[in-house]
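The values are calculated or read from the model by the stated rules, or taken from the named source; none is laboratory data. Predicted, not measured: the structure shown is a model, and the values here were computed from it. Every residue, glycine as well, gets a Cβ built from its backbone with ideal geometry; the counts of neighbours run over all protein chains shown. Accessible surface areas use protein heavy atoms only, side chains included; no ligands, DNA or RNA. Shrake-Rupley method; radii C 1.70, N 1.55, O 1.52, S 1.80 Å.
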Protein chains: 2
Amino acid sequence: MSKTILLGHGSGGKLSNDLIKDLFVKYFSNDILKEQTDAAVIQVASKNLAFTTDSFVVDPIFFPGGDIGKLAVAGTVNDLAVSGSKPLFLSASFIIEEGFSLADLERIVKSMAQEAKVAGISIVTGDTKVVNRGKCDKVFINTSGVGGLLPKHINIGKGSNIQPGDKIIINGTIADHGMAVMAAREELSFTTDIKSDCACLNHLIGEALAVTDQIRFMRDATRGGLATVLCELAEKKNFGIEINEAALLVNENVRGMCELLGFDPLYVANEGKVVMVVGKKDAEKVLETLRKNELGQKAAIIGEVVNEHLGRAWLTTVIGGKRIIDMLAGEQLPRIC
Amino acid sequence: MSKTILLGHGSGGKLSNDLIKDLFVKYFSNDILKEQTDAAVIQVASKNLAFTTDSFVVDPIFFPGGDIGKLAVAGTVNDLAVSGSKPLFLSASFIIEEGFSLADLERIVKSMAQEAKVAGISIVTGDTKVVNRGKCDKVFINTSGVGGLLPKHINIGKGSNIQPGDKIIINGTIADHGMAVMAAREELSFTTDIKSDCACLNHLIGEALAVTDQIRFMRDATRGGLATVLCELAEKKNFGIEINEAALLVNENVRGMCELLGFDPLYVANEGKVVMVVGKKDAEKVLETLRKNELGQKAAIIGEVVNEHLGRAWLTTVIGGKRIIDMLAGEQLPRIC
């Protein structure tokens, strides 16, 4: 193979075939992908499926704690998991800039393969397009995914069973991903030890679903941060959401960087955090279960669903005041995922 | 809404929500998408599914006979259909350049909705990312798709039942799409009446599958053209493929442009052409069926699977010579899809 991506790698011809064989089939190694058919043939036992898609354009493509490949797998696995489904199959579609380093592409593909293994899913179908130099920025990756959904979990994604008294749980600190990516941008030349929390949450979520039937809603707090999840949740429903500021965990280095740059951690992206709404009686049990998993060691109950200020979410601050949580109006951090 | 795409439209916050509501949910109108959950919940009756993905980066985004939106729907619908499945659900993920015209985006989304209606499928989940000006070229679209697959059609995508004596059928003229896109490029300032053949083939293919169990393989001849399909087919299998040059149809204006620019129509992309390998005894029946559909009026038997030159495909030319069909080595036409 040549050392950089050529337009011919996107031609559908010989170079495309070499790339598929020497890179994608090699690392994503599974029998379905190996067939190289127009569409992968997959078997799914349940009639109810979850189906999702996400394109990843993160800049830079490598950052402490992850890279665009790991992010592309984890992001879609998490969208499937928070819908209550068991992630099964992923697609991977690459848009690559002519001249992109093949070594970097290999590093990304290896990282995707590694993360797929951790999650226990297969990447079964894909696509590669190459655009002329300057017509995209290095590499963009789309992953779409299919998960199997049990009938009893079918309403989790919608959150239609949420009730006042339910507890709000998150599995750890907030704002790590956004600040890790920000710090990795060359123009900032920041030196920090902040790491992205980028991770597949499907096993953690599966463990929680196994101990209770009281999980009423889940969402991963990515773009727009925890605040956006809370606003979207509150806006649709006939209840208010009260968050206890003191219960929100922010790593010290992340808090410092947020303060320096003027970001509110509530609005900064996470890539390994799930927000759960859990019936009161099982909230402690879910918390215990989450804490047993490495990805949930710092899980906490951060608030509850209440029967006032319907449609709003707010923080009860450490000194006892209330601060309304508003939808993000503009864009804080472009290309964070 | 503002008149152009802002970075905030990709923030996951208020502007993103407006875009989803005012554009995607409005035009792709269906109950599943309306839920705006992290993953769409879909019901599929069959246990065997086809799953595929494609990213579209065509330049220009509007061309005679179609646009990037129509192409994105038809391309994925066709990948599902040629695998023998019934296309059911699509995802749509947009990467948009800051400053892109909202009117153009609306035109594209309308076109996708229109094509989805023609195909009888639903666009049930999506994603929007916005990158800074100059970091992508206008708009790139990924569509992934899920189709239901009957057990009896499970080997069509692999072509594992192909036998010498089988006939090769294509549903019409070749090279229209590639030359239409080429002619639409500003730098050429060509005036032609060439139109892309971009179309969803699922109904046409469904009609053919209904009259025979002798369809042994199908593939849509997109990037790399008819030649690439034939090479890939021949390379994997224990047979040769003989194509009768005289049976290949090329529109007069397309042939003229190919000659002028030095392209071989065999290698030029199509977006509405399926290559079928059909058992001899039902080949005429399939041909008749295809010709009844508007998209198959010019269907023809163009060659057959033979028991010589195993692993090669070749043309028998009008004057009786033989010309080996080779895999495309470089890239003829970047960003044709």
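Percent relative contact order of the range A:167-325, based on C-alpha pairs within less than 8 angstrom and at least six residues apart?
Working: 332 pairs, mean separation 66.9, N = 159.
Answer for the range A:167-325 is 42 percent.
Taking every protein chain into account, the 1.4 Å probe leaves B:GLU106 with about 60 Å² of accessible area, to the nearest ten. Given a 1.4 Å probe and the protein chains as shown, A:ARG185 ends up with an accessible area of around 30 Å². Taking every protein chain into account, the 1.4 Å probe leaves B:TYR267 with about 30 Å² of accessible area, to the nearest ten.
Straight-line reach from B:LYS158: taking Cα to Cα under 16 Å and skipping same-chain neighbours fewer than 8 places apart, the aspartates and glutamates in range are A:ASP31, A:GLU35, A:ASP38, B:ASP79, B:ASP166, B:ASP213, B:ASP220, B:GLU232, B:GLU235.
So which lysines can B:LYS135 reach, going by Cα to Cα under 18 Å and dropping same-chain residues fewer than 8 places off? Within the straight-line cut-off, B:LYS135 pairs with A:LYS129, A:LYS135, A:LYS138.
When +1 charges are put on Lys and Arg Cβ atoms and -1 charges on Asp and Glu Cβ atoms, the dipole computed for the protein assembly as shown relative to its Cα centre reaches about 1220 debye.
Helix B:283-292 axis versus longest C-alpha principal axis of chain B: approximately 40°, rounded to the nearest ten. For the range B:114-174, the percent of C-alpha pairs falling in each 5 Å distance bin, counted from 0 to the bin holding the largest distance, reads 3, 9, 13, 13, 16, 16, 11, 10, 6, 3, 1, 0. Once the Cα atoms are used to define both axes, helix A:252-261 deviates from the longest principal axis of chain A by about 80 degrees.
Hey, what did chain A get for relative contact order, percent, Cα under 8 Å, at least 6 apart? Intermediate results must be reported in sequence, preceding the final value.
Numbers: 762 pairs, mean separation 75.3, N = 337.
With pairs under 8 Å counted, the relative contact order is 22 percent.
Counting pairwise Cα distances across the range A:37-153, what percent come out greater than 20 angstrom? Tail of the P(r) past 20 Å holds 42 percent of the pairs.
The tail of the calculated P(r) for chain A beyond 36 Å holds 22 percent of all Cα-Cα pairs. For the protein assembly as shown, with the dipole built from +1 on Lys and Arg beta-carbon atoms and -1 on Asp and Glu ones, taken about the Cα centre, which of B:PHE239, B:ALA210, B:PRO265 lies farthest toward the positive end? Value: B:ALA210.
For the range B:167-325, count all C-alpha to C-alpha pairs, find those more than 18 Å apart, and express that count as a whole percent of the total.
Values: 7236 of 12561 pairs.
Tail fraction, whole percent: 58.
Return one number: the angle in degrees, 0 to 90 and rounded to the nearest 10, between the long axis of the Cα atoms of helix B:202-211 and the longest principal axis of the Cα atoms of chain B. With rounding to tens, the tilt is 40 degrees.
Assign unit charges at the C-beta atoms only (+1 for Lys and Arg, -1 for Asp and Glu), then state the dipole size of the range B:167-325 relative to its Cα centre in Debye, rounded to the nearest 20. Mind dumping the intermediate values first?
Numbers: 19 positive and 22 negative charges, 99 e Å.
Value, rounded to 20: 480 debye.
Distance from the C-alpha centroid of the range A:264-337 to that of the range A:1-71: 33 Å, rounded to the whole angstrom. Since only B:ILE32, B:GLN43, B:ILE61 are under comparison, the one whose Cα sits farthest along the positive direction of the charge dipole of the range B:18-65, derived from C-beta charges on Lys, Arg, Asp and Glu, is B:GLN43.
Could you work out the local net charge near A:ASP38, counting Lys and Arg as +1, Asp and Glu as -1, over the other residues with Cβ closer than 9 Å to its Cβ? Please list the in-between numbers first.
Details: positive: B:ARG219; negative: B:ASP79, B:ASP220.
Result for the neighbourhood of A:ASP38: -1.
The rule of thumb for compact globular proteins, 2.2 N^0.38 Å, goes into the C-alpha radius of gyration of the range A:36-92 1.32 times.
Before rounding to the nearest 500, sum -39500 (n - 2.57) across all DSSP H runs of length at least 4 in the protein assembly as shown and divide by the residue total; then give [θ] at 222 nm in deg cm²/dmol.
Numbers: 18 runs with 188 residues, N = 674.
So the helix-based figure for the protein assembly as shown works out to -8500 deg cm²/dmol.
Other chains' Cβ within 10 Å of A:3-13 residues: what's the mean? Intermediate results must be reported in sequence, preceding the final value.
Numbers: counts 0, 0, 0, 2, 6, 6, 2, 8, 14, 16, 15.
Mean partner-chain Cβ count within 10 Å for A:3-13: 6.
Rg/Rh, computed from the Cα trace of the range B:124-254 with Rh as the Kirkwood radius, has the value 1.02. Binning all Cα-Cα separations of the protein assembly as shown at 10 Å, short to long from zero, yields these whole-percent fractions: 3, 16, 26, 25, 16, 9, 4, 1, 0, 0. Computed about the Cα centre, the dipole magnitude for the range A:37-153 is approximately 380 debye when only Lys and Arg (+1) and Asp and Glu (-1) carry charge, each at its Cβ.
Per residue of peptide B:121-129, the mean number of Cβ atoms on other chains within 10 Å of the residue Cβ is 4. Excluding B:ARG291 itself, calculate the net charge of residues whose Cβ lies under 13 Å from the Cβ of B:ARG291, where each Lys or Arg counts +1 and each Asp or Glu counts -1. So the environment of B:ARG291 carries a net charge of -1.
Considering only A:LEU310, A:MET182, A:SER83, and ranking their Cα positions along the charge dipole of chain A that arises from unit charges at the beta-carbon of Lys, Arg, Asp and Glu, the one farthest toward the positive end is A:SER83.
For the cross-link pairs A:LYS14/B:LYS21; B:LYS70/B:LYS298; A:LYS86/A:LYS110, which exceed 31 Å when the distance is taken from alpha carbon to alpha carbon? In this structure, A:LYS14/B:LYS21 lie more than 31 Å apart at Cα.
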